[in-house]
Amino acid sequence: MNVENAPPAIEVNGLVKDFRIYHRSHGKLKALLAGLANSILGRNGATGYSMYRALDNVTFDVPFGQAVALIGHNGSGKTTLLSVLSRVYLPTAGYARLNGPMISLLELGAGFHGELTAEENVFFTGAIRGLSEEQVRERYNDIVDFAELKAAQMDLPVRMFSSGMHLRLAFAVSVNMDADILLIDEGLAVGDEAFQEKCFRKIEEFKAQGKTLVIVTHELDHAERLADRVLWLERGRLIADGATGKILGDYRRAMMDEANAAHSG
């Protein structure tokens, strides 16, 4: 696929996401009651919260077949952006459009039901993602093998799984579903070093098939290995967008300058 001439897999335009920040632990209930009273009485009143802008007028496109890494400090808006792309959050303004089926590894295993067996969860997840029972059955052995689980373990309810087993199964299920776009939030931090390497190879296989990847990471070597392009976010704004080598070089220099300033101060 010619990436440069391909239509965009992801379109983000003027994206804004605001959150309400309540001033006290009981502020939300108080604000809701006050808002209801003011609405009934037809008057304005104190709301008990302030607004926090997590994303501020973010615009970019991602062509099909491109791998993009999102970097920036904690609180820069990376995970919020991925959450909007994953349809976990609705935009306050602007839009984010995905032009193809998507898999989100935002919260691995978030859809698993603790009382269902691992096998039942695999089929349940497949059904939610639009696969028939036959389609899931065709992938079932690949999922179990990738997760490095035994047949007897697949008969256990997932509440009995260790966190590592849970995450391995969730990752295996996610990457064996049909999708053109893969969204990952630190999803490569799964299991031990050997399993992480297997995850990398699976992502690289996904990328080699001409599919689209967006990954949020604090590990710059992950971005270096997987990404064709890097978006640098700070305080909700997109401050740099370009080739991986250049943007990571700029980011590393900025981090070094910050560290030197903090040390000298």
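Residue by residue, here is whether (1) farther than 20 Å from Val230 by Cβ; (2) modelled with pLDDT of 95 or more holds:
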site: Ile40; (1), (2): yes, no
site: Gly45; (1), (2): yes, no
site: Gly48; (1), (2): yes, no
site: Asp56; (1), (2): no, yes
site: Thr59; (1), (2): no, yes
site: Ala69; (1), (2): no, yes
site: His73; (1), (2): no, no
site: Thr79; (1), (2): no, no
site: Thr92; (1), (2): yes, yes
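Being surrounded by fewer than 21 Cβ atoms within 10 Å (Cβ to Cβ), of a type in the set (S, T, N, Q) and modelled with pLDDT of 90 or more is the requirement here; does Gln196 meet it? Can you show your working first?
Details: surrounded by fewer than 21 Cβ atoms within 10 Å (Cβ to Cβ): yes; of a type in the set (S, T, N, Q): yes; modelled with pLDDT of 90 or more: no.
Against the criterion (surrounded by fewer than 21 Cβ atoms within 10 Å (Cβ to Cβ), of a type in the set (S, T, N, Q) and modelled with pLDDT of 90 or more), Gln196 does not qualify.
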Return the pairs, sorted by first residue and then second, in which the second residue is buried (at least 16 other Cβ atoms within 10 Å of the Cβ) and outside any strand (DSSP E or B), the first residue lies in the stretch 1-19 and is at pLDDT below 75 and small (Gly, Ala, Ser), the beta carbons are less than 7 Å apart, and the residues are 6+ apart or on different chains. Ala6/Phe64; Ala6/Gly65
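Taking Ala223 as the residue in question, decide whether it is under 23 Å from Ala170 (Cβ atoms) and among the small types (Gly, Ala, Ser).
Working: under 23 Å from Ala170 (Cβ atoms): yes; among the small types (Gly, Ala, Ser): yes.
So Ala223 fits the description; yes.
How about the stretch 171-188: which of its residues are in contact (Cβ under 8 Å) with a residue 40 or more places away in the chain, within 24 Å of Thr217 (Cβ to Cβ) and either part of a loop (DSSP other than H, G, I, E, B) or touching a strand residue (DSSP E or B) at 6+ places or on another chain (Cβ under 8 Å) (or both)? I'd like the intermediate steps shown before the answer.
Keep residues of the stretch 171-188 that are in contact (Cβ under 8 Å) with a residue 40 or more places away in the chain, which gives 171, 173-175, 177-185, 187.
Add one more test, that the residue is within 24 Å of Thr217 (Cβ to Cβ), and what stays is 171, 173-175, 177, 179-185, 187.
Within the stretch 171-188, Phe171, Ser174, Val175, Met177, Ala179, Asp180, Ile181, Leu182, Leu183, Ile184, Asp185, Gly187 qualify.
Considering only the stretch 64-108, how many residues are among the charged types (D, E, K, R) and crowded, with 18+ Cβ neighbours inside 10 Å? Lay out the reasoning, then the answer.
Within the stretch 64-108, the subset among the charged types (D, E, K, R) is 78, 87, 97, 107.
From the residues that got through so far, the ones that are crowded, with 18+ Cβ neighbours inside 10 Å too are 78.
Here the count works out to 1.
Give the residues of the stretch 123-157 that are of a type in the set (Gly, Ala, Ser) and in contact with a Lys or Arg (Cβ under 9 Å, 6 or more places away or on another chain), sorted by residue number. If you could, list the steps in order and put the result at the bottom.
Here is the first cut: in the stretch 123-157, the residues of a type in the set (Gly, Ala, Ser) are 126-127, 130, 132, 147, 151-152.
Of everything in the stretch 123-157, those that are of a type in the set (Gly, Ala, Ser) and in contact with a Lys or Arg (Cβ under 9 Å, 6 or more places away or on another chain) turn out to be Gly126, Ala147.
Test Leu220 against the criterion of being touching a residue at least 60 places away in the same chain (Cβ under 8 Å) and crowded, with 20+ Cβ neighbours inside 10 Å, and give yes or no. Before you say what the answer is, go through the steps one by one.
Details: touching a residue at least 60 places away in the same chain (Cβ under 8 Å): yes; crowded, with 20+ Cβ neighbours inside 10 Å: no.
When the stated conditions are applied, Leu220 does not pass them.
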Inspect all residues belonging to the stretch 112-119 and state whether any of them is surrounded by 13 or more Cβ atoms within 10 Å (Cβ to Cβ), modelled with pLDDT under 90 and not basic (Lys, Arg). yes
Note on the stretch 205-234: residues of a type in the set (Gly, Ala, Ser) and either within 23 Å of Val58 (Cβ to Cβ) or under 14 Å from the mean Cα position of the chain (by Cα) (or both) are Ala223, Ala227
Subset of the stretch 221-246 [touching a Leu at 6+ places or on another chain (Cβ under 7 Å), outside any strand (DSSP E or B) and closer than 14 Å to Asn74 by Cα]: Gly236
Looking only at the stretch 136-168, count how many residues are modelled with pLDDT under 90 and in a helix (DSSP H, G or I). 6
Which one is farthest from Arg201 (Cα to Cα), of the residues in the stretch 151-170 that are without any contact (Cβ under 8 Å) to a residue 24 or more places away in the chain and in contact with a helix residue (DSSP H, G or I) (Cβ under 8 Å, 6 or more places away or on another chain)? Ala151
Tally the residues that are surrounded by fewer than 15 Cβ atoms within 10 Å (Cβ to Cβ), touching an Asp or Glu at 6+ places or on another chain (Cβ under 9 Å) and under 22 Å from Lys198 (Cα atoms), restricting the search to the stretch 152-170. 1
In contact with a strand residue (DSSP E or B) (Cβ under 7 Å, 6 or more places away or on another chain) and part of a strand (DSSP E or B) - does that describe any residue in the stretch 195-209? no
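The values are calculated or read from the model by the stated rules, or taken from the named source; none is laboratory data. Note that the coordinates shown come from a computational prediction; the quantities given were computed from them, not determined experimentally. All Cβ positions, glycine included, derive from the backbone under ideal geometry; neighbour counts span all protein chains shown.
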